[in-house]
Amino acid sequence: MRARLWPELSAFAAVAVVVALLPRFVSDFRARELAIVGMYFIALLGLSILTGFNGQISLGHGAFMAIGGYTTAILSVDGFFGHQLRDLWTIPIAGLVAGIAGLVVGIPALRLSGLYLALITFGIAVSFPQLPKEFDHFFGGTTGKILDLAKPPFGLGTTTNNWIYYLTWGIALVLLVAAWLLVRGKTGRAFKAIRDSEVAAVSAGISLPRYKTLAFGISAFYAGVAGSLYAIANAYVNPDVFPIILSVYLVVGLAVGGLDSLFGMIAGAALIYFLQNHADTVARWINHLPALSLDPKQPGIPSVVFGIVLIVVMVLLPTGAGGLVRKLFGLLTSRLYTRS
Amino acid sequence: MGVRVFLVCAAVAVMAVASAGARPVATPGVSSDEIHIGSSVPLSGEAAIAGNVARGIDAYFKYVNDKGGVLGRKLKYTYLDDGYDPGRAVNNTIRLIQQEQVFAVFSSLGTNNNLAVRKLLNDAKVPQLYVSSGATTFGRDYKKYPWTIGYIPPYSEEGEIYGRYVVKNIKTAKVAVLYQNDDYGRDLVAGLKRGLGAKAKSIVASVGYDPTSSDVQPQVTQLKASKANVLMVFAFGKFSLQAFNAVSRLGWKPQIFVNDVSSASSLMAIVPQKAANGSISIVFGKDPASPQWAKDKGIKLFQSILRKYGNGTNSRDLKDGYFTAGMATAYTLVNTLKKAGKNPTRQSVMNAATHLTERGNPFVLPGIVIRTTPASRYPITQVRLQRWSKGAWRTFGKLVSAKPG
């Protein structure tokens, strides 16, 4: 057991050190971008627990992010019975509200699996954005809710972006450890048993309803926290902030990260952020290739680049970043064993 | 141990360099030879076609730079794609002011997109210049948002002009209204009611649609059932196309009024002409697709600039009104920057933008004077009516006022 612990512990230590030091080496705005990567990372951790470890597919995690984001926006703009909450304290509440929504969704998920579950969750992703439009007095309609820009608390002399960065990655690291402990423990073993064979799991005495809804609830909690942070960082929510495509991007990030690799999710998160916001940069790189010329500002080019990069990544890394790392570690450890 | 020492040293070194480099800059985005301007526009997604506004601006700035720039400084222009998504507009705008360090945000497109960033731009005291949206709030609420100013005629006044036209010219009018259910559509409807005045009761049906819905055919069918003889199309982009298609398919023959932002010739030319013929709209810019301006100096200038500086543009773009609209705003911005003085500051450019008297903008209709005061922040408040016939818009009547209050 101890032999298998050290790679993950050292990986965690490495991530923590990088996270702590990175803002010193990058511009204030990059810190903000890295913070948003951290938010996707949190959402992907949740999705990894659900899909990677429990085998349930969700195409609706954007909706849970939206629930988290709206909870934060409403509590900090309109307040709770006239008492506005500080953005910081809305984060756990947003996670809980989304988590409860996840538990509720988990119930029909008991009867469905595979493609059918994917469709149900996709239905949630499609229908949730309609709610704020229907009840526009409460949710702000398509115009949305405009929050105050986040300010560092307790008189901390740092910039807004650095504050959001440390807040996000601090939470992300805590949630990473929590996810890691969860999947290593009894619950995680039950999750994996269900993923590998429901029949075998039931015959081993594992309660399907309990663990499958629990996985949904935990997973949605993560998404809710991510959505809440996203609302704070952007100081704005409306239905388009959490579009249907966001749910698809999350699944893309999950695949790129490598389904059941918690650390791999960092790569997945970075890719979806980068492709959404810097596809024009990639287009400029592509222009360096011979016989190609793309105008990065031409309508539609960023989306095309997004698609191409995605195809290339999935062809090269069918098991995602996590699979790649595992393969490298495999080579390393097998060599160690043969040497001894 | 060695690594840790190295890291600490590196961190200290970086911080030292950073603090040495962080000399106070007088005005972000203005250097001795450059002024940096930024926009967030849709280059992808449903409204991507309207992103040509930014490409028009880009071409015009390059043309100005070739002629020596603005008081010796070149204009640098950065425009980012938001896919018409306000969330991405927020992200882009933060990137523009923090990363790109632009002097001002200019001509970003979309009502909700501009609403989403208005507070943060005003908090940061960054000018939000010549917003590409006619929502009345951008000109009206300057006391709360002093760093914001609109550009195109306010939607409420546009609606009022249609209302007044109906009262004057159409007897026994029964009006049906299709509107986008946000500030843009609602402003137009409110104005229409004001324009109809005592005859506001002639609105027999009024149906909103959600800006993310897929089709407005059901709404048009519902409107037709009201037996109206006038139809107001207060719908954007594809929804306006769908409305014309539905009217034609249903064999309905109302007098159609279509709002300015979706009346581009490129759109009107592809809808069933049976429905489109005789449609009325307002206009303030010269339409490069209309034969009316084929020999106009302004349009000739527009086409020569686009040919020379329009990176990757084709012959169809030479007739695209979104490019002209971009150049019209860019022309006004250049004048504003000149007026802001030799060493423009964010404050001085806001001053200039709120004390404009610009005559002879080559890309807007002759006779239009672009005028603002600190208490009247609607740069364009004169328009003409136009009618669609034989595949082109033709203006008629005199300049009318679209000035609020």
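What follows draws every value from the coordinates through simple rules; no lab data is involved. Keep in mind it's a predicted model, so treat the numbers as computed, not measured. All Cβ positions, glycine included, derive from the backbone under ideal geometry; neighbour counts span all protein chains shown.
Shape call for region A:1-118 from the C-alpha gyration tensor, a ≥ b ≥ c root eigenvalues: rounded (a/c under 1.5), prolate (a/b greater than b/c) or oblate? Taking the square roots of the gyration eigenvalues as a ≥ b ≥ c, region A:1-118 is oblate.
Among the residues of B:117-128, the average count of other protein chain beta-carbon atoms within 10 Å of the residue beta-carbon is 2. Taking A:Leu250, A:Leu34, A:Leu181 as the candidate residues, the one with maximal mean-square fluctuation in a Gaussian network model of chain A, Cα springs under 10 Å, is A:Leu181.
Each peptide among B:197-205, B:364-372 gets the average number of other Cβ atoms lying within 10 Å of its residues, and from highest to lowest they stand as B:364-372, B:197-205. Computed across region B:72-176, the Kirkwood hydrodynamic radius from all distinct Cα-Cα pairs reaches 15.4 Å.
Could you tell me the ratio Rg/Rh of region A:154-297? Both radii from Cα atoms, Rh via Kirkwood.
1.07
Across peptide B:200-211, the mean count of Cβ atoms from other chains lying within 10 Å of each residue's own Cβ comes to 1.
The DSSP beta bridges internal to the protein assembly as shown are antiparallel in roughly 40% of cases. As a rough guide to protection, the peptides A:22-32, B:111-121 ranked by mean Cβ packing within 10 Å, highest first, stand as B:111-121, A:22-32. Binning all Cα-Cα separations of the protein assembly as shown at 20 Å, short to long from zero, yields these whole-percent fractions: 16, 45, 31, 8, 0.
Seen against the Cα atoms of chain B and their longest principal axis, helix B:52-66 is set at about 50 degrees.
Here chain B carries DSSP beta bridges of which approximately 35% are antiparallel, counting only pairs with both residues inside.
When the square roots of the Cα gyration tensor eigenvalues are ordered a ≥ b ≥ c, the ratio a/c for region B:155-283 is under 1.5, which makes its shape rounded. Simple spin-label estimate for B:Asn314 and A:His83 gives 6.3 nm between the two label positions (7 Å along the Cα-to-Cβ direction from each Cα). The mean number of Cβ atoms from other chains found within 10 Å of a Cβ in peptide B:80-92 is 6, as a whole number. Residues in region A:238-254, backbone N under 19 Å from the label point at A:Leu119 (7 Å along the Cα-to-beta-carbon vector): list them, ranges by number please. Hits in region A:238-254 for A:Leu119 at 19 Å: A:248. For chain A, the relative contact order is 29 percent, taking Cα pairs closer than 8 Å that sit 6 or more residues apart in sequence and dividing their mean separation by the residue count. Placing +1 on each Lys and Arg Cβ and -1 on each Asp and Glu Cβ, with no other charges, gives chain B a dipole about its Cα centre of roughly 1320 debye.
Sorting B:Tyr155, A:Tyr166 from the fewest to the most surrounding beta carbons within 10 angstrom yields A:Tyr166, B:Tyr155.
For chain A, the dipole from Cβ point charges (+1 on Lys and Arg, -1 on Asp and Glu) about the Cα centre works out to 1240 debye, to the nearest 20.
Taking each full run of DSSP H in chain A as one helix, which ones are at least 30 Å long along their axis (Cα atoms) and have mean Kyte-Doolittle hydropathy of at least 0.5? In chain A, the long hydrophobic H runs are A:87-109, A:160-184, A:208-234. Only DSSP H runs of four or more residues enter the estimate; each adds -39500 (n - 2.57), and after division by the residues of chain B the mean residue ellipticity at 222 nm equals -12000 deg cm²/dmol.
Judged by the ratio a/c of the largest to the smallest principal axis of the C-alpha gyration tensor, chain A counts as rounded, that ratio being less than 1.5. In terms of surrounding Cβ atoms within a 10 Å radius of their Cβ, A:His61, A:His137 rank from fewest to most as A:His137, A:His61.
Over the alpha-carbon set of region B:232-382, divide Rg by the Kirkwood Rh and report the Rg/Rh ratio to two decimals.
Value, to two decimals: 1.05.
Label-to-label distance, B:Lys143 versus B:Asn351, with points set 7 angstrom from Cα along the beta-carbon direction: 2.4 nm. Each of the peptides B:271-281, B:223-233, B:165-175 was scored by the mean count of other Cβ atoms within 10 Å over its residues; in descending order, highest first, they stand as B:223-233, B:271-281, B:165-175.
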